[in-house]
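**Q** Before we start, here is the structure in question, set down as structure tokens.
The values are calculated or read from the model by the stated rules, or taken from the named source; none is laboratory data. Bear in mind the structure is a predicted one, so any value in this text is a computation, not a measurement. Using ideal geometry, Cβ is built from the backbone for each residue, glycine included, and neighbour counts are taken over all protein chains shown.
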Amino acid sequence: MPGSVPLPAPVTTAGATLSTENAGPLRAALLLAGSCLPVLGAVLIAPVLPRMQDHFDSVPGAKTLVPVVLTVPALALALLAPFAGVIVDRLGRKRLLVTATVLYALFGTAPLWLHSLGAIVASRVLVGITEAAIMTCCTTLIGDYYTGHVRDRYLALQTMCASAAATAFFVLGGALGSAGWRAPFWIYAVGLLLASAMAAALPRPRPGDEAAADEPAVGTRSFPVRRLAGLCALTMFGAAVFYTVPVEMSYLLDDLGVTSTGVIGLATALASAATVAGSVAFTRLRGEPGHRLPAVFALCAAGFVVMGLSGRPVLLVAGAVLNCFGCGVLLPSLLTAAMSRLDYADRGRGTGLWTAAFFAGEFVCPLVLIGAESVVGSLSGAVGLLGLASALMAGGLLLARRRVAAVTDEGPAA
């Protein structure tokens, strides 16, 4: 839990000096809760996608549009997160976070009264715009408020809490789905409560005078794109790996004859719990996160292969658990590597770019699998093909690391 992590004394973060007057569990809990909102958008309605598909079966292109209802917020988030990062650096974190959280609740509940599939997709685009601001602000504020090992632990907690929330959302979405595919959208209203608490409890980080004298102002310095380019490309692929189980699990189970939304939600929640376990394992690991990425991708690949070859629900869930455990280590490894490369003046834009890469991978995930399914003839075969791609990524990273190690005495970076 957020409150179990010890907080440092006065915190100074590469250009931001903050007092500990307002430091405490509440601040961390609000930022971690805010980080869960985009996850809610990504998984809450996953268990009811088959029922939603049946409802809009007569709509042309529904087979593609219904999964897009789940993932189009990720496209909007991916396209707009870099711009949100610029706004964060220029106008401030807190004001944007509170406003975006209120709008998130309004747009998120819109499908409750919308009857057109096109209108629902449009409302989900607006949800993605607010998610871009929320995710960028929350991650940036964690970088502002904390530093060093404490920051790394909170970034790992961000993944753990998001994964734990995903587990709860899967179960909740499946349970509410028994009352109809629209029912899960009521949960988006929680954003109104969270926005009120953020407005009251979060302080505004400000650059310290000494740091301001040493660092150029935002807008007068060039952003270090090359520091993050390769990592963002790797993050995009990692996001596709990360979101395959949440997005496709209900369809894979449906193909095996499992049609109960409650059972689908529970099975996917079990896999999501493995992501939490992987995030816990990350906090116990030592050394450079980039060194473990080949092994992590190999573990994810093994899970996909088991899922692709399984003909029974039990084996499918076992493969999903194996894959999700690897994903639980993967995400915080990529995120901590990105944050370690950013100073205060660049943190909003850098976080925005990383967030854009991650959610771009989430958006293309179902589209890539649909394309692969048309080639291999089944969704399970498409998942197995993604497992092969993950194995090739693991091998490529390992080979690249060995080549770099042969040139320099230092270990390779991520």
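**Q** Residue by residue through region 250-262, note down the ones that are closer than 22 Å to residue 169 by Cα, among the small types (Gly, Ala, Ser) and surrounded by fewer than 24 Cβ atoms within 10 Å (Cβ to Cβ).
**A** Filtering region 250-262 for residues closer than 22 Å to residue 169 by Cα gives 250-254, 258-262.
Then drop every residue that is not among the small types (Gly, Ala, Ser), which leaves 250, 260, 262.
260, 262 - these are the residues of region 250-262 that are closer than 22 Å to residue 169 by Cα, among the small types (Gly, Ala, Ser) and surrounded by fewer than 24 Cβ atoms within 10 Å (Cβ to Cβ).
Each row is one residue, and each column tells you yes or no for (1) in a helix (DSSP H, G or I); (2) within 21 Å of the chain's Cα centre (by Cα); (3) closer than 26 Å to residue 354 by Cβ; (4) modelled with pLDDT of 80 or more.
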site	(1), (2), (3), (4)
51	yes, no, no, yes
57	no, no, no, yes
75	yes, yes, yes, no
85	yes, yes, yes, no
96	yes, yes, yes, yes
101	yes, yes, yes, yes
111	yes, no, no, yes
114	no, no, no, yes
118	yes, no, no, yes
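**Q** Would you confirm whether or not region 109-125 contains a residue that is farther than 18 Å from residue 181 by Cα and aliphatic (A, V, I, L, M)? First the steps, then the outcome.
**A** Going residue by residue through region 109-125, those that are farther than 18 Å from residue 181 by Cα are 125.
After this cut, where a residue has to be aliphatic (A, V, I, L, M) as well, the list is 125.
Yes: one or more hits.
**Q** Can you tell me which residues in region 230-246 are more than 18 Å from residue 315 (Cα to Cα) and either surrounded by fewer than 20 Cβ atoms within 10 Å (Cβ to Cβ) or aliphatic (A, V, I, L, M) (or both)?
**A** 230, 231, 233, 234, 236, 237, 239, 240, 241 - these are the residues of region 230-246 that are more than 18 Å from residue 315 (Cα to Cα) and either surrounded by fewer than 20 Cβ atoms within 10 Å (Cβ to Cβ) or aliphatic (A, V, I, L, M) (or both).
**Q** Follow-up question, since we're still on this one. Output the residues belonging to region 378-398 that are within 24 Å of residue 286 (Cβ to Cβ) and modelled with pLDDT under 90.
**A** Listed by number, the residues that qualify are 397, 398.
**Q** Whether any residue in region 242-255 is at pLDDT 80 or above, part of a helix (DSSP H, G or I) and more than 24 Å from the chain's Cα centre (by Cα) is what I want to check.
**A** Scanning region 242-255, I find at least one residue that is at pLDDT 80 or above, part of a helix (DSSP H, G or I) and more than 24 Å from the chain's Cα centre (by Cα), so the answer is yes.
**Q** Going through region 328-357 one residue at a time, which ones are in a loop (DSSP other than H, G, I, E, B) and not charged (D, E, K, R)? Lay out the reasoning, then the answer.
**A** Of the residues in region 328-357, the ones in a loop (DSSP other than H, G, I, E, B) are 340-343.
The answer is 340, 342.
**Q** For region 316-343, name all the residues that are closer than 17 Å to residue 84 by Cβ and surrounded by fewer than 24 Cβ atoms within 10 Å (Cβ to Cβ). Talk me through it step by step, then tell me what you get.
**A** If we filter region 316-343 for residues that are closer than 17 Å to residue 84 by Cβ, which is where we start, we get 335, 338-339, 342.
The answer is 339, 342.
**Q** Quick one: would you say residue 133 is at pLDDT 85 or above, surrounded by 24 or more Cβ atoms within 10 Å (Cβ to Cβ) and farther than 30 Å from residue 285 by Cα? Quick ask: steps written out before the conclusion?
**A** Working: at pLDDT 85 or above: yes; surrounded by 24 or more Cβ atoms within 10 Å (Cβ to Cβ): yes; farther than 30 Å from residue 285 by Cα: yes.
Here the answer is yes, as residue 133 does meet what is asked.
**Q** Still on this model: With the requirement that a residue be within 21 Å of residue 398 (Cβ to Cβ) and of a type in the set (Gly, Ala, Ser), what does region 240-251 give you?
**A** Passing the criteria: only 240.
**Q** Still on this structure: Please determine, by comparing only the residues of region 368-379 that are part of a helix (DSSP H, G or I) and in contact (Cβ under 8 Å) with a residue 24 or more places away in the chain, which one is surrounded by the fewest Cβ atoms within 10 Å (Cβ to Cβ). Can you show your working first?
**A** Filtering region 368-379 down to residues part of a helix (DSSP H, G or I) leaves 368-376, 379.
Imposing the further condition that a residue be in contact (Cβ under 8 Å) with a residue 24 or more places away in the chain reduces the set to 368-370, 379.
Numbers: 368: 17, 369: 21, 370: 15, 379: 19.
The extreme case among them is 370.
**Q** Another question, then. Which one is surrounded by the most Cβ atoms within 10 Å (Cβ to Cβ) among residues in region 263-300 that are without any contact (Cβ under 8 Å) to a residue 40 or more places away in the chain and charged (D, E, K, R)?
**A** 284
**Q** Then there's this: I'd like the full set of residues that are buried (at least 19 other Cβ atoms within 10 Å of the Cβ) and at pLDDT below 90, limited to region 301-315. Steps first, please.
**A** Going residue by residue through region 301-315, those that are buried (at least 19 other Cβ atoms within 10 Å of the Cβ) are 301, 303-308, 310.
Passing the criteria: 308, 310.
**Q** Condition check: at pLDDT below 80 and part of a helix (DSSP H, G or I). Does residue 71 satisfy that?
**A** yes
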